[in-house]
Amino acid sequence: MSEPSPASTSPEAAFGPVTPYRDATCGELRAADAGREVRIAGWVHRRRDYGGLIFIDLRDRYGLTQIVINESEAPEASEVANGVRIEFVLEVRGTVARRLAGTENSKLATGDIEVQARSVEILSESQTPPFYINEPDAPVDESLRLRYRYLDIRRKPLLDRLLLRSELVRAIRETHHRAGFVEIETPILLKSTPEGARDFIVPSRLQPGSVYALPQSPQQLKQLLMVAGMDRYFQIARCFRDEDLRGDRQPEFTQLDLEMSFVTEQRVMDFVEAMIVEVSRAVVPDRPIAQLPFPRIDYHDAIERYGSDKPDLRFGMELVDLAAALAGPGADPDSTGFRVFDETIAARGRIKAIAAPGMGDASRSQIDELVAFARRYGAKGLAHVSVNPDGTGHSPIAKFLGDERIAAIVKAAAAKSGDLVLIVADAEADLVADVLGRLRQELGLRLGLADLNVLAYCWVYHFPMYKWDSDRGRWDATHNPFSGVVPEDEKLLVTASGDPYRPTRQDPAGKARAMQYDIALNGWELGGGSVRIHRRELLERSFALQGYSLEQMHELFGGILEAFDFGAPPHGGIAMGIDRWAALFSHQTNIREVMAFPKTQSGTDLMLGAPSEPEPEQYSELGLRFVGLEPGSGKAGQS
RNA sequence: GGGCUCGUGGUGUAGCGGCCUAACAUGCCAGCCUGUCACGCUGGAGACCGCCGGUUCGAAUCCGGUCGAGCCCGCCA
């Protein structure tokens, strides 16, 4: 190789696939290229050896091209090809030729041609891979896939998902730039705040004894950018939360974070909705959007009708209240005859139901399984009524309720013959909604009620401002401590006692609604945001309700509070989970499947072996020493 | 912190108290084969059943513990 010289090619050539190793990728040669002399490079996908004739399918991320090595025409190439094995990296020189009539392969984009090799060079050898790379559907233990992630990415399914994710991020960027947003990076080394999830901590060497925290989201920074006059900001931001993992949760994940100035809830939702539609159409054009504009559902309606603040609108099966149906007939209007229901009514609880289509013939064990499902989420039981072919109902609790009430339940639930009405009763209305909401979601999918191709986006708005934290005796922000209050509820941001620093459960603040909106997609929470409080006085009132003294406010949020003294515009925004979005776009239920290098459920990286013990010098430079953990306070234990 | 599931040649599975000195498919190795594309045919190597301990005359198979992976509750938006 000679010394690199100044640029000798055009940008087009520099951007193209041609390199000193290849003239074309493995996915682009067509019949029209017949006769071309080409160099082509890639991995050996498969090898078919006929003795004097060897076929090699050469693969790169663009596709597959068949190479033919004919011993009688290229004896040297044939000798090399004899030693070639799967996943070797080759550079092949030869001639593009139309395949013999009748031997074309319609399954390949390049199936009309083959490259007749003149020479074959092995650029790199490979061990036998630990799992099949050339059979994309072959199941593989996930820990193996994680340990050899670079091999898993060679396989089509994961490759395709990462390409789709790349398109998603590209579409997001293009749309935001077109809408005049400025993309700004914010720091990863930040200050710890007590809100929300547990922080990841990074000890400071220059400030011994102090720590940085990794951002759970760039929340405060984007608000400061609004104070800075940036007007429209967005970022594809990495976020970190030190909590236990789930299929839809990794310790580090990616958010689309955006904020706009001089906006209302309506205005932010309008932009985000238009952006989502544009991105969806660009990335998954063949997937219909269920409803345009997106349904906008008040939080309380969402809980009432779907038992969820992220309802899956691909199917109905809404929750219905049975109070009226149960009150109806009978000698004693205060008694339904069924003790569980009577106690619930006496406790001013809720009795609600869903009708599961076609499940009327569910077996005893199927019912038991549903009862166990309901119990897992805190229900004390799960009553059921099966609807007979003639439209009447039968149920184990019919002997308590009587036929008239059973009929009223069937009617209230709008259950048809063959359906199964599932009933949850509890003194806690939230629990009833949660359990039925989870049953609804589970059964909707199990019964195939959801069109899997549809994208059912919806907004849920006006979340409660706070929820009472009985352990700590204060109001917790439902979402974000900076969320603004709906203007007509501003007067509710007070305590019953009048002292803003003594919150109690009876405070009017418990009824205040936030200018908070979530976007849900097919039953997943895709994102959430709010119009923020931009007046310092109101922010202090809100923080007081959340249990912060003036000193604590300054300690924890001093920077942003001070900023709000220098002219903060009204502003609002949203954060959306890119990983979840990509997973939903590619029909995955686990975000690991759309991440290049995810971690296991116990937070480890099986490929790199992270986390690992630090070197002693790293400890001493930071003034740290590992003293072990209290028994039971963590899994690391003492060594 | 807790519950559940899984862990057998390289990979995916079967075997679930003695018939297992572990079976099948695929992969791997060798040989033959000039038109295949999940090529074919013949032959061969390869696991002591995650690890430790226990029960038993006898364990891959039962029990306990432990490690790893997954799902879930708590946690988390």
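Bear in mind that the values in this text are calculations on the coordinates, not laboratory data. None of these values were measured; they are calculated from a predicted model. As a convention, Cβ positions derive from the backbone with ideal geometry for all residues, glycine included, and neighbour counts pool all protein chains shown.
If you line up the long axis of helix A:429-446 against the longest principal axis of chain A, both from Cα atoms, how many degrees apart are they, to the nearest 10?
30 degrees
Whole number please: convex hull volume per residue, Cα atoms of chain A, in Å³.
Cα convex hull per residue, to the nearest whole number: 248 Å³.
Along the three principal axes, how long is segment A:494-639 when you take its alpha carbons, biggest first, rounded to the nearest angstrom?
For segment A:494-639, the Cα spread along each principal axis is 54, 46, 35 Å.
Pull up the cross-link candidates among the lysines for A:Lys599, meaning alpha carbon to alpha carbon under 30 Å and not fewer than 8 places away within one chain.
Straight-line reach from A:Lys599, under 30 Å: A:Lys156, A:Lys191, A:Lys222, A:Lys310, A:Lys635.
Need the list of lysines near A:Lys467 for cross-linking: C-alpha distance under 16 angstrom, and skip anything on the same chain fewer than eight residues off.
Hits, sequence-local ones excluded: A:Lys511.
Using Cβ contacts closer than 10 Å as the measure, can you line up A:Phe557, A:Phe200 from fewest to most?
Ascending Cβ contact count within 10 Å gives the list A:Phe200, A:Phe557.
With charges set only on the Cβ (+1 for Lys and Arg, -1 for Asp and Glu), what does the dipole of segment A:316-449 come to about its Cα centre, in debye to the nearest 20?
240 debye
Just add up the charged neighbours of A:Arg173: K/R +1, D/E -1, any other residue whose Cβ is under 14 Å from the Cβ of A:Arg173.
Once positives and negatives cancel, what remains is -2.
Using only Cα atoms, tell me the angle between helix A:156-178 and the longest principal axis of chain A; keep it within 0 to 90° and round to the nearest 10.
70 degrees
Which angle from 0 to 90°, rounded to the nearest 10, does the C-alpha axis of helix A:550-563 make with the longest principal axis of chain A?
Relative to chain A, helix A:550-563 is tipped by roughly 50 degrees.
Would you work out the relative contact order for chain A, in percent, from Cα pairs under 8 angstrom that are 6 or more residues apart?
13 percent
For a distance above 24 Å, tell me the whole-number percent of Cα pairs in segment A:427-584 that qualify.
Percentage above 24 Å: 45.
Of A:Leu90, A:Gly547, A:Ala568, which is farthest along the charge dipole of chain A in the positive direction, counting Lys and Arg as +1 and Asp and Glu as -1 at C-beta?
So the residue we want is A:Leu90.
Among the trypsin sites (Lys or Arg not before Pro) within segment A:61-123, which fall in a DSSP loop and have no more than 10 other Cβ atoms within 10 Å of their own Cβ?
A:Lys107
Pairs of alpha-carbon atoms within less than 8 angstrom and 6+ residues apart define the contacts here; what relative contact order does segment A:11-124 have, in percent?
29 percent
Give me A:His587, A:His176 sorted ascending by neighbouring Cβ count inside 10 Å, so fewest comes first.
A:His587, A:His176
For a quick check of your reading of the filter: which trypsin sites (Lys or Arg not before Pro) in segment A:374-481 sit in a DSSP loop and have no more than 16 other Cβ atoms within 10 Å?
Sparse-neighbourhood loop trypsin sites (Lys or Arg not before Pro): A:Lys380, A:Lys416, A:Arg472.
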